[in-house]
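> Before anything else, here's the structure in question.
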Amino acid sequence: MPPAESASAWNFETDSTLIRVLAQNARALPDCVAMREKNKGIWKQTTWQELLDIVLCCAAGLEGLDFKAGDVMLVLGDNRPRLYAGMLAAGAINGYAMPAFPDATLDEIRHFVHEAGARFALAEDQEQVDKILDLREQGATIEHIIYDDPRGLAAYANPGLISWDALQAKGAELLARNPNLQNELIARAQPEGPAVFVHSSGSTGKPKGVVLSHRNLLAGVRNAYLGGAFQFGESILAYLPIAWVGDFAVTMGAGMALHFTINIPERQETVLQNLREIAPTFYLAAPRSWDNLLTTIQVRMEDSSWLKKRVYDFFMASAISAEKRKLEGSQPTIKQRVLNWFGEWLVYRPIKDQFGLTRLRGAFTGGEAMGEDTFVFYRALGIKLRQLYGQTETSAYNAIQGLEEVRLHTVGRPLPGVDLRISDAGEILIRSGSVFSGYFKQDEATRESLEDGWLHTGDAGYLEPDGHLVVLGRLSDVVHTAKGERYIPNYIENRLKFSPYIKDAAVLGSGRDALSAIICIDKEAVGLWAELRGISYISYADLSQKPQVIALIAAAVKHVNSALPDGLQLRKFVCLHKEFDADDGEITRTRKIRRNIVEERYKPIIDAIYGHQDTVMMKAKVGYESGEVGIIERTLSVQEA
Amino acid sequence: MTRGGDRLLVAGESAGPVIECRSVERRFGGIVALNGIDMRIERGEIFGLVGPNGCGKTTLTNAITGFYPPQRGRILLNGRDITGLAPHYIATLGVARTFQNLALFNGMSVLDNILLGRHIHMKPSVARTALYWWLARSDETLNRAAVEDVIDFLQLEGVRDELVDGIPIGLKKRVELARALAAEPSFLILDEPMAGMNQEEKEYMARFILDARDERNVTVLLIEHHMDVITGICDRMLALNYGAMIGSGVPADVVADPRVVEAYIGGAHATR
């Protein structure tokens, strides 16, 4: 295919901008598909030329609304082609596109908007427009609100509301009037100009604003490409939250630079179906999503016929033990190889086909550590799942595992173009073209994290003799028991969470003489488990305290304990009456635990555990939808592990 | 919010009420189920119909849709007398309804159930089926597109291909509404669309009904027991008891009417 060749001949000019790369794609591959969106049941395609036109119209339209260099545009919604186009447009005219999580609370968004002084907002639909209008009533500086889906907004008479169609028409008119504008818009942004304004996840404090330049992003993509993360022309499913740097770095960064086909799911609820229809070649997901997918597979197998279950169990057991041998550095046995060949046709391929994973070349997980069993399961299926290590401040790409160089406890080698060393304090330091130039309006935080071009990642880790990086966890998370044993709670929590029956866990024990855990059961998996055994329950809270369920969880805790050193085994646990919820502040939007809040809110439980009580009375405030606040009391059982 | 009454007429619509019942009476043997009901529903209105169980709400909708033609009185749809016409014929005139006790086809997918709502727009024939590719395919595409519009409107994408059997009741009610809307009616009768729903589902349904009125130009007759819904979204309402009208007008006035309070809550409270 000649056009593809000429485009891939492009040798990673990181001295460029996303809009220039987009224009390059439109020139080389005008009729190739850039984006697919499932709309009203049908996949509709946008070519590179069309995408460029849309972005340029939007950029011109924004200028028509007096969008100036340095202006900030809040972007609120799920993955939509127009939200992506809007972010590219803002970057093209030297503005800051600031995506926020669509389910973020008003307070969180207000903080971002206020700090950035955003004058513009791009909203997906009425729900998001309503939020922005609320913000405006509370004094936010947002003057112009552009909305994608006009449904329900026809009757709104608020000033500054403009539909995407109107914005695009306005831009098209300006472009038609001034024939030079198009080229000027493509050339205007500079490599060091802002490409996107994202926020770090804030698991250790308030989220900080991170501005990534075009050069940062493209350097990150270049490093990842040279490291073998992806190739030109991958097909991806853009379903990750647009406010997460991982989505922007893959969908927009690599998507533009390596002309991916960007497929956008119909709705968040249809991601699994859309995944199957698209069968992407590259798929990045948080460990949690891989866990969920695994739970889905396991639950469906539980539901299937006796024969299918037996065949599945037999071949999966064989493949998993073969994969474990590989991880230990030895070869699978001949019997395992023969079985795997049959298993591929009988079990692995049909499962992969059910979930659209047959074409997958690059399967990645990132964001936090992944449970061993999940990891081994996918590799046993023949999906070359690899870990990717990165963070917001480095445009998402630091290190990845090689295809055949996968070991459980490492995240692979630093990428080409990434200098990595370990500080005396055991912190991972990084220097690369992909490292940002500072936090937004937070000079002190910037000084703390950037020294002589070295980024202090805040992660504790070390390099193995062969150059593989081991990430232990957050430097600030390393804690000690009263006996001086060092551990990272997150590490144990992840192992607990591998059980399909455990959704979340908080490991306690800092300064105590033994470790213990607060556990949130997985409602769906445990619910089905209970259903199959005829155990009736009326609510999550009720289910969590059933003796059979507690025994089930105790078995899972024992399993985790078997792989932990003596001093770090969990001695007691409590099944919580509710799930951790981002709305209650117990976890972040990316589902990382907020330890201080959990420890404060569930102090009675912690006291009961270490006070050697058998039960604990937990009072909890509940906000009803009617606005009333009530208090419910629950007796939770404290269990020996 | 714009209310229906202020809305401009779309071309082709006639002025005047969408539905008008004049002294409608229906008996079953010796029981008078409807006794001289007068009701006028204006174009673009959401009109509430309330009353205790057995007061004749469903009988009135069955009278309008032709299942139980009235023995006395007249029913006019857009000024045209439809008294005694067959139910399927009334459906082609732009009347659609949902049922109090779900009437979906459990063995079929959500999509197929909604497609059924398009039957009044389909023109089946032996020739068209035999020559599908030449004669029928473009129609099928149009019908599917109309259904997808409704799926998008009611946010049913996630369950499009699920069997109706396996989805929660709140969604089933929504599928019923979708099937009714797929017929592109001008007059929609909703028989207790929120029965058995929680607060959140009720709010969703209320939003959908308002949107259907505003965006799909539907006039709605809403039978409902949830008074908060009636007072929240209805423009006018009618209260029935033992087949007779006991109050009609703006919801705030009707629900304050002592006769309505007595019929619903009982005499002791009414005198308070």
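> Within straight cross-link reach of A:Lys621, meaning Cα distance under 12 Å, which aspartates and glutamates are found once same-chain residues fewer than 8 apart are removed?
Within the straight-line limit of under 12 Å, A:Lys621 reaches these aspartates and glutamates: A:Asp584, A:Glu633.
> Rounded to two decimals, what ratio of Rg to Rh does segment A:478-640 give with C-alpha atoms and a Kirkwood Rh? Numbers along the way, then the final one.
Working: Rg = 15.5 Å, Rh = 16.2 Å.
Computed over Cα atoms, the ratio is 0.95.
> Can you give me the convex hull volume of the Cα atoms of the protein assembly as shown, divided per residue and expressed in Å³? Show your work: numbers first, answer last.
Details: hull volume 198.9 nm³, N = 913.
Enclosed volume per residue, from the Cα hull, is 218 Å³.
> If you don't mind, another one. Multiplying the sequence separation of A:Trp345 and A:Asp130 by 0.36 nm and subtracting their Cα-Cα distance, what value in nm do you get?
Numbers: separation 215, 0.36 × 215 = 77.40 nm, distance 5.10 nm.
Taking A:Trp345 through A:Asp130 to full extension adds about 72.3 nm, to one decimal.
> Under unit Cβ charges (Lys, Arg +1; Asp, Glu -1), what dipole magnitude, rounded to 20 debye, does the protein assembly as shown have relative to its Cα centre? Mind dumping the intermediate values first?
Working: 99 positive and 115 negative charges, 410 e Å.
Result for the protein assembly as shown is approximately 1960 debye, rounded to the nearest 20.
> Compute the distance in nm between two label points, each set 7 Å from the Cα along the Cα-to-Cβ direction, one at A:Asn596 and one at B:Asp112.
Each label point lies 7 Å from its Cα, and together they span 5.7 nm.
> Based solely on its DSSP helices, what 222 nm [θ] is calculated for chain B when runs of n ≥ 4 H residues each add -39,500 (n - 2.57) and the sum is averaged over all residues, nearest 500 deg cm²/dmol? Show your work: numbers first, answer last.
Values: 11 runs with 101 residues, N = 272.
Taking each H run of at least 4 residues, the total per residue is -10500 deg cm²/dmol.
> What order do you get for A:His409, A:His468 when you list them from fewest to most C-beta neighbours inside 10 Å?
Details: A:His409 13, A:His468 20.
Ascending number of Cβ neighbours within 10 Å: A:His409, A:His468.
> Right, something else. As I understand it, the value is the acute angle between the Cα axis of helix A:523-532 and the longest principal axis of the Cα atoms of chain A; what does it come to in degrees, rounded to 10?
50
> Right, something else. Taking R0 as 45 Å, what FRET efficiency do you get between A:Ala620 and B:Val126 from their Cβ-Cβ distance, rounded to the nearest 0.05? Spell out each step's value before the answer.
Working: r = 66 Å, r/R0 = 1.47.
Efficiency, rounded to the nearest 0.05: 0.10.
> Can you pull the one-decimal nm distance between simple spin-label points at A:His114 and A:Gln354, each 7 Å off the Cα toward Cβ?
Calculated label separation equals 4.9 nm.
> Cα atoms only, segment A:309-440: Rg and Dmax in Å?
Just the Cα atoms of segment A:309-440 yield Rg and Dmax of 17.9, 58 Å.
> Taking chain A as the reference, fit the longest principal axis to its C-alpha atoms, fit the long axis of helix A:81-92 to the helix C-alpha atoms, and give the angle between the two in degrees, 0 to 90, nearest 10.
60
> So, one more: Grab the alpha carbons of segment A:98-176, take their convex hull, and tell me the volume per residue in Å³.
On the way: hull volume 7.7 nm³, N = 79.
Per residue, the Cα convex hull of segment A:98-176 comes to 97 Å³.
> Still on this structure, please answer the following. Please compute, for the alpha-carbon atoms of segment B:1-151, the extent along each of the three principal axes and give them in descending order in Å.
That gives 54, 41, 28 Å along the principal axes, largest extent first.
> For each of A:Asp107, A:Asp584, count neighbouring Cβ atoms within 10 Å of the residue's Cβ, then give the residues from fewest to most. Could you put the intermediate results ahead of the total?
Values: A:Asp107 8, A:Asp584 16.
Ordered by Cβ neighbours within 10 Å, fewest first: A:Asp107, A:Asp584.
> Taking chain B as a Gaussian network, where each spring joins two C-alpha atoms under 10 Å apart, which residue of B:Asn62, B:Asn101, B:Asn217 fluctuates the most?
Ranking B:Asn62, B:Asn101, B:Asn217 by mean-square fluctuation puts B:Asn101 first.
> Pairs A:Lys309/A:Lys497; A:Lys208/A:Lys384; A:Lys208/A:Lys497; A:Lys619/B:Lys172; A:Lys308/A:Lys335: which exceed 31 Å Cα-Cα? Spell out each step's value before the answer.
Details: A:Lys309/A:Lys497 24 Å; A:Lys208/A:Lys384 34 Å; A:Lys208/A:Lys497 28 Å; A:Lys619/B:Lys172 36 Å; A:Lys308/A:Lys335 21 Å.
Listed pairs above 31 Å: A:Lys208/A:Lys384; A:Lys619/B:Lys172.
> May I ask for the percentage of alpha-carbon pairs in segment A:74-135 that lie more than 16 Å from each other? Don't skip to the end; give the middle numbers.
On the way: 707 of 1891 pairs.
Across segment A:74-135, Cα pairs with separations above 16 Å total 37 percent.
> Please work out the Cα center distance from segment A:514-568 to segment B:100-128, rounded to the nearest Å.
45
> I've got another one for you. I'd like the trypsin sites (Lys or Arg not before Pro) in segment A:483-585 restricted to DSSP loop residues with at most 14 other Cβ atoms within 10 Å, sorted by number.
Numbers: sites: A:Lys483, A:Arg486, A:Arg495, A:Lys497, A:Lys503, A:Arg512, A:Lys523, A:Arg533, A:Lys558, A:Arg571, A:Lys572, A:Lys578; in loops: A:Lys483, A:Arg512, A:Arg533, A:Lys578.
Of the trypsin sites (Lys or Arg not before Pro), the ones in loops of segment A:483-585 whose Cβ has at most 14 other Cβ atoms within 10 Å are A:Lys483, A:Arg533.
> Given a cut-off of 33 Å, what percent of all Cα-Cα pairs of segment B:15-270 lie beyond it? Don't skip to the end; give the middle numbers.
Details: 6995 of 32640 pairs.
Beyond 33 Å sits 21 percent of the P(r) for segment B:15-270.
> Let me ask something else. Given R₀ = 51 Å, FRET efficiency for A:Gln138-A:Ile334 by Cβ-Cβ distance, to 0.05?
Details: r = 69 Å, r/R0 = 1.35.
Efficiency for this residue pair is about 0.15.
None of the figures in this text is laboratory data; all of them are computed from the coordinates on show. The structure displayed is predicted, hence computed values, not measured ones. Neighbour counts are summed over all protein chains in view; Cβ atoms, including those assigned to glycine, are modelled from backbone coordinates with ideal geometry.
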